[in-house]
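Worksheet: the structure to be examined is printed underneath.
The values are calculated or read from the model by the stated rules, or taken from the named source; none is laboratory data. The shown structure was predicted, so the numbers you read here are calculated from the model rather than taken from an experiment. Note that we place each Cβ from the backbone using ideal geometry, even for glycine, and neighbour counts take in every protein chain shown. Keep in mind that these areas ignore ligands, DNA and RNA; they rest on the heavy atoms of the full protein, side chains included. Shrake-Rupley method; radii C 1.70, N 1.55, O 1.52, S 1.80 Å.
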Amino acid sequence: MTTLVFSYSHVDESLRNELETHLAGLKRQGLIDTWHDRRIKTGEEFANQIDQHFENADIVLLLVSPDFIASDYCYNIEMTKSLARHESKEAIVIPVILRPCDWHELPFGKLMAATTDGKPIVHFPTHDDGFLEVVKSIKNALKRTPSANVKSRLDTDSIESRLLPSQMIEENIERSSNLRVRKTFTDREKDKARIQAYEYISGYFENSLNELAARNTEVECEFRRIDANSFEAAIYVQGKRKSRCGIWTADGRGGDIFFSSSGVSQNSYNECMTLSDDGYTLGFKPIGMAFRGHTNQLLSNEGAAELFWEMLIEPLQR
C-alpha cells in the first residue's frame, strides 16, 4: 500500500479534511494509506513522529497557501526534506495549491501542480471540482511508484470503468468533463447555503485568530459569539487594539453576510456578501465596497471567509 502524507498549515485544516474525504475511494481499494500530524496520539513525541512519517512517505502532498509558505516548520523542515527525497526518487512530491499565493518561484515551483495550471482549489466552481482533479493527479502518481501491483490494478480499473454492457471501448478513449446541467435552486437550498457559509466563516475566524496568537507572542486575539447569527473579533498587539470586526448574517434583504470594522451593527457595514449562483452552483459575491475587483467572481465559503479575513488582518500588515 502506498503511504501518502500531508504537509499543511493548520489554518487550512478544513480543506485538508475535504481532500482526505475525496481520497476515500483510493483507500477503499487498498491503494493508499494517509497520514497527517493530527494522527499523533497523546504522549507521543511530536517531532519524531513527523520525521518518521515524512521519511517513509511514498507521496507527499504540499497543501500550498499563504499560511503554508509563512510556516517555518512546513517550509524549512517538511518541504525541504520532502524535496530532497523527491530529487533522489525516493518519494513523489505533489503541490496542491489551496489558495492564491506567490509560489512559482519557490523551490517546489518547478514541480507539476495537482490542478491544471496550478489553479487554486478555492477558485474552482466548488471545492469538489478542484479536489477531483487532485485525486486524478494522485492516481497518475501511483502508477509511478515502485509498486507494480498498484499500477496494474489502476490500469485494470481504468479499462473496466470504460466497458459498456454491449461493447468494448478502446482504452485511450476518455469521457468528457463537461457534464454539468443547469438547475434552479430552491429557497431551502439557499437558506442552507447561507447558514453553512456563516458557520464556516465563524469557524474560520476562530481558528485563524488562535493560530495568529500562537505564532506571535506579542499578539492577543478575542473571538466572541454574540448569538447564532453574529460574532465579533479583535486583535491586540502589545495590549493595543489594532483591528476589530463584527460579522453577521441576515435573511437576504440587502445582503446575506455582513462585515463591519466597528463591530456588529444594524445600521452600517464595510462589505457584504450576497448569495448568488451561476446556474450550476451556489456561491457568494461581495457587493464591492471593499473588494471591487472580486464582484464578478463567485466565491466558495472559503473564498468569502478569506476576503473578510483580509479586511481584519490588513491593519497589521501595513
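Projecting label points 7 angstrom from Cα along Cα→Cβ for Ser265 and Asp33 puts them 5.6 nm apart.
Sort Ser260, Ser268, Ser137 by accessible area with a 1.4 Å probe, largest first.
On the way: Ser260 0, Ser268 60, Ser137 30 Å².
Ranking Ser260, Ser268, Ser137 by accessible area, largest first, yields Ser268, Ser137, Ser260.
Taking packing as the residue-averaged number of other Cβ atoms within 10 angstrom, the listed peptides 91-102, 22-33 run from highest to lowest as 91-102, 22-33.
A cut-off under 15 angstrom between Cβ atoms defines the neighbours of Arg224, and their net charge, with Lys, Arg +1 and Asp, Glu -1, is -2. Subtracting the Cα-Cα distance of Asp277 and Asp128 from their residue separation scaled by 0.36 nm leaves 52.0 nm.
For the stretch 2-122, count the residues as N, evaluate 2.2 N^0.38 Å, and divide the Cα radius of gyration by that value, please.
On the way: Rg = 13.7 Å, N = 121, 2.2 N^0.38 = 13.6 Å.
It is 1.00.
Across the stretch 53-69, computed HN-Hα scalar couplings (Karplus, 6.51 cos²θ - 1.76 cosθ + 1.60, θ = phi - 60°) run 5, 5, 6, 9, 5, 8, 10, 10, 9, 8, 8, 8, 7, x, 6, 4, 5 Hz from first to last residue, x flagging Gly and Pro.
What's the FRET efficiency of His22 with Asn140 using the Cβ-Cβ distance as r and R₀ = 22 Å, to the nearest 0.05? Present the calculation step by step, with values, prior to reporting the outcome.
Details: r = 15 Å, r/R0 = 0.69.
Between His22 and Asn140 the formula returns 0.90.
Applying the Karplus relation 6.51 cos²θ - 1.76 cosθ + 1.60 with θ = phi - 60° to the stretch 128-140 yields 3J(HN,Hα) values of 4, 4, x, 5, 5, 4, 5, 4, 4, 5, 5, 4, 5 Hz, where x marks Gly and Pro.
Percent of Cα-Cα pairs more than 16 Å apart in the stretch 212-318, please. Intermediate values should be presented prior to the final figure.
Values: 3399 of 5671 pairs.
Tail fraction, whole percent: 60.
For the stretch 268-283, the Karplus equation 6.51 cos²θ - 1.76 cosθ + 1.60, evaluated at θ = phi - 60°, returns couplings of 8, 7, 9, 7, 8, 9, 10, 6, 8, 8, 10, x, 10, 8, 8, x Hz by residue, with Gly and Pro reported as x. In the full protein context, the stretch 230-269 carries 48 Å² of accessible surface per residue, based on a 1.4 Å probe and ignoring ligands, DNA and RNA.
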